[in-house]
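> Quick one: this structure, given as structure tokens, is what I'll be asking you about.
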Amino acid sequence: MTRWLIPPPPTPSLPILDDGRRYAVRRILCVGQNYADHAREMGADPDRPAPFFFSKPAMALVTDGADPAFPSMTENLHHEAELVLALGEAAEIIGWAVGCDLTRRDLQAEAKSRGRPWDAAKGFDQSAPCGTLNLGPAPAPDAAIRLLVNGEERQSARLSDMIWAPHEIVEQAARLWTLGPGDLIFTGTPAGVGALNPGDRVEATIDGLYPLSFTLRLPHA
Ligand code: MN
């Protein structure tokens, strides 16, 4: 029997719609620039040959309707509404959710310009709000994905606008990692990313999936 120096931390997990069980999360992979209009607004060529990935720690998840804290060390926190995939025993897609890839855009710009990693820009505490997991069929290919801030629409697109479809993203990621249960993949965001302030109410929706909403808490509140 293993004896722990310090008891293991709780396993990050997502609630499942109409199901008393939870989905245990072991890691979060994220796709960069998977919508052509967002790739353009970030100054990139959307015709790149393969998607690229970055990651967030599983402990960055914010679930069950909790409100994330506005992070330290940024003057430009951005929202990114995203379709989230949850993988099963055979690394197949078994669930779908609405997520928000919170980003310290100023730190990301600095990291890009200096060729440094994105961890502080993307993988900070509470940077991955994610809604309830839907184990049902995939959302419609042309389902609308939207994000509102304080009731005002900021992002609006269709899942069919994605450069790489969900199953293609999983295929590409499987070339780089041994995928399996507990792996979440944030599949990229459409155009319209923008700044958030403490107190802002964020609502993200994808037709057919449980909506995600949260209010950015004041730092240290
Ligand atoms: Mn993103």
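> Once the dipole of the chain is set up with Lys and Arg at +1 and Asp and Glu at -1 on Cβ about the Cα centre, which of V84, S113, P10 lies farthest towards its positive end?
Going by the Cα projections, it comes out as P10.
> Still on this model: Would you work out if region 75-194 is rounded, prolate or oblate? Take a ≥ b ≥ c from the square roots of the eigenvalues of the alpha-carbon gyration tensor; rounded if a/c is under 1.5, else prolate when a/b is larger than b/c, oblate otherwise.
Verdict is oblate for region 75-194.
> Next up: Excluding the sites themselves, what is the longest stretch of the chain that contains no trypsin sites (Lys or Arg not before Pro) in a DSSP loop with at most 10 other C-beta atoms within 10 Å?
4-174
> Rounded if a/c is under 1.5, else prolate if a/b beats b/c, else oblate: with a ≥ b ≥ c from the C-alpha gyration tensor eigenvalues square-rooted, which is region 125-176?
Prolate shape, in that a/c is at least 1.5 and a/b is the bigger ratio.
> Quick one: grab the alpha carbon gyration tensor of the chain, order the square roots of its eigenvalues as a ≥ b ≥ c, and give me rounded if a/c is under 1.5, else prolate or oblate depending on whether a/b is larger than b/c.
Taking the square roots of the gyration eigenvalues as a ≥ b ≥ c, the chain is rounded.
> Go ahead and run the numbers for FRET between D47 and D18, Cβ-Cβ distance against an R0 of 41 Å, rounding to 0.05.
0.50
> For region 164-219, which whole percent of the accessible surface, found with a 1.4 angstrom probe, sits on carbon and sulfur atoms?
Of all accessible area on region 164-219, carbon and sulfur atoms account for 54 percent.
> Non-local amide H neighbours of V62 (under 5 Å, H modeled in plane, Pro and chain starts lacking H): which ones?
Amide H neighbours of V62, under 5 Å, 5+ apart: A128, C130.
> Here is a further query. For T189, what residues show an amide H to amide H distance below 5 Å, using hydrogens built from the backbone and excluding near sequence neighbours?
The answer is Q33, N34, Y35.
> Looking at the chain as a GNM with Cα springs under 10 Å, which of A165, A91, A44 has the largest mean-square fluctuation?
Comparing A165, A91, A44 in the GNM, the peak value goes to A44.
> Give me the extension gain from A174 to D119: residue separation times 0.36 nm, minus the current Cα-Cα distance, reported in nm with one decimal.
17.7 nm
> I need to check one value: relative contact order of region 100-155, counting alpha carbon pairs closer than 8 Å and at least 6 residues apart, in percent.
With pairs under 8 Å counted, the relative contact order is 28 percent.
> For region 1-82, state which GluC sites (Glu not before Pro) are in a DSSP loop and have at most 16 other beta carbons lying within 10 Å of their beta carbon.
Passing both the DSSP loop test and the Cβ count: E75.
> Then there is this: Enumerate the amide H contacts of I94 below 5 Å, restricted to partners 5 or more residues apart or on another chain; note that Pro and chain-start residues carry no placed amide H.
Residues meeting the criterion, in which the H sits 1.01 Å from N, are A86, L87, G88.
> State the extension gain, in nm to one decimal, for the chain segment bounded by L135 and A69, taking 0.36 nm per residue of separation less the distance between their alpha-carbons.
Extra length from L135 to A69 when fully extended: 20.9 nm.
> Something else about it: Write down the percent of antiparallel bridges among all DSSP beta bridges whose residues are both part of the chain, to the nearest 5.
85 percent
> Need the full-extension length gain, I93 to L218, defined as separation in residues times 0.36 nm minus the C-alpha distance. One decimal, nm.
Length difference between fully extended and current span is 41.4 nm.
> Same structure again: Please give me the summed charge of the neighbours of A91: other residues whose Cβ is under 15 Å from its Cβ, Lys and Arg +1, Asp and Glu -1.
-2
> At a Förster distance of 41 Å, what's the computed FRET efficiency of N197 paired with D161, Cβ-Cβ distance as r, to 0.05?
E between N197 and D161, to the nearest 0.05, is 0.90.
> What is the sum of charges, Lys and Arg at +1 and Asp and Glu at -1, for the other residues whose Cβ falls under 14 Å from the Cβ of K122?
Net charge around K122: -1.
> In whole Hz and in residue order, list the ³J(HN,Hα) couplings for region 123-135 that follow from phi through the Karplus curve 6.51 cos²θ - 1.76 cosθ + 1.60, θ = phi - 60°; x for Gly and Pro.
So the Karplus estimates, Gly and Pro as x, are x, 6, 4, 6, 8, 10, x, 9, x, 5, 7, 10, 8 Hz.
> Note down the net charge around A140, summing +1 for each Lys or Arg and -1 for each Asp or Glu among other residues with Cβ under 11 Å from its Cβ.
Taking every other residue near A140 into account, the sum is -1.
> Using alpha-carbon pairs under 8 Å, 6+ residues apart, how would you state the relative contact order of the chain in percent?
Across the chain, relative contact order equals 30 percent.
The values are calculated or read from the model by the stated rules, or taken from the named source; none is laboratory data. Bear in mind that the values here come from a model prediction, so they are computed numbers and not experimental data. Reconstructed Cβ throughout: ideal geometry from the backbone, glycine too, with neighbour counts over all protein chains shown. Quick note on the areas: whole protein, heavy atoms, side chains included, nothing else; ligands and nucleic acids left out. Shrake-Rupley method; radii C 1.70, N 1.55, O 1.52, S 1.80 Å.
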